[in-house]
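Please treat every number below as a calculation from the coordinates, not as lab data. What you see is a predicted model; the values in this text were computed from it and never measured. Backbone-built Cβ (ideal geometry, glycine too); neighbour counts: all protein chains shown.
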Amino acid sequence: MDNIDEIVDRAIQYTEKILGEAPRHYPVAREGLERMRDNLTIGAEDHPALGRLDDYLGDLERRFTH
């Protein structure tokens, strides 16, 4: 596991904690994760963590908008 993996994993864990306590924060959490994804796309477009982050964002979308 490298630094990018660790950062993405911690961001996902933190998001789960926050949304578990206050689901109303979904829009802000999504925005932060999307910014992280955009930065990874620019600097580490081939990193496997980018795929995990995309999958997690899709999961959040399904959970909080449907």
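A compact table of results
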item: Count of residues meeting criterion [crowded, with 17+ Cβ neighbours inside 10 Å and not small (G, A, S)] in segment 38-56; result: 4
item: Pairs, first more than 18 Å from L19 (Cα to Cα) in segment 41-63, second hydroxyl-bearing (S, T, Y), C-beta under 8 Å, six or more apart; result: L50/T41
item: Subset of segment 17-33 (residues that are under 16 Å from T65 (Cα atoms) and either of a type outside the set (A, V, I, L, M) or not in a helix (DSSP H, G or I) (or both)); result: G20, A22, P23, R24, H25, Y26, P27, R30, E31
